[in-house]
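First the structure, in the form of structure tokens, and then the observations on it.
The values are calculated or read from the model by the stated rules, or taken from the named source; none is laboratory data. These numbers come from a predicted model, not from an experiment. In this analysis, Cβ positions are derived from the backbone assuming ideal geometry, glycine residues included, and neighbour counts consider all displayed protein chains. To get the accessible areas, we keep the full protein, side chains included, count just its heavy atoms, and leave off ligands, DNA and RNA. Shrake-Rupley method; radii C 1.70, N 1.55, O 1.52, S 1.80 Å.
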Amino acid sequence: MIRPLLLVSLLILGCSADYQDSSAYSYTLTDGSVLDLESPEKLILINYWAIWCAPCRKEVPELNELMHEHSDKLQIVGINFDDIQGDKLMADITRLGIEFPNLLRATDQPDPRQIWNLPPIAVLPETLIIDTQGNLQQRLIGPQDKASLEALLQL
């Protein structure tokens, strides 16, 4: 009797641990889709921005163009540095002209940077490049332009 009970308990614990681990890699985006950082379908470019960041404002049109031209191979996702959510986030996205989806983080969800044990952001904008296996490939500090990103990503 103890053996079957132990086996069932271990199965339940194993399943719940897998669920918790996989949910840590899934984030809802402003366009209603879900970003899976554990096994993304495309190359992921995560861009941290803020409304008060002048270089971020300059970089947004470059990222918009990159997204429109390479959406078959690349997904661009924005993350508001100030962790603004809801209507204020949507207003800031509109104000900056951001056309790519942004992360909507639940209060109990960690910043995606924690997946790769990255230190806190010191300079904005910051861009992370994640491969299709969920591995961090590059951490780019400061504003990027379309041409340099295309060269780096070999698009």
Output for the stretch 117-144, where each listed residue is open to solvent by 70 Å² or more (accessible area, probe 1.4 Å) and in contact with a helix residue (DSSP H, G or I) (Cβ under 6 Å, 6 or more places away or on another chain): Pro143
Which members of the stretch 27-65 meet the condition of being of a type in the set (A, V, I, L, M), in contact with a helix residue (DSSP H, G or I) (Cβ under 7 Å, 6 or more places away or on another chain) and open to solvent by less than 10 Å² (accessible area, probe 1.4 Å)? Leu37, Ile46, Ala50, Val60
Somewhere in the stretch 65-83, is a residue out of contact with any His (no Cβ under 9 Å at 6 or more places or on another chain), among the β-branched types (Val, Ile, Thr) and more than 19 Å from Pro40 (Cβ to Cβ)? no
Across the stretch 91-116, which residue is nearest to Ile44 (Cα to Cα) among those that are loosely packed, with under 15 Cβ neighbours inside 10 Å and of a type outside the set (D, E, K, R)? Trp116
Taking the condition part of a strand (DSSP E or B) and touching a residue at least 40 places away in the same chain (Cβ under 8 Å), does Gln109 pass? no
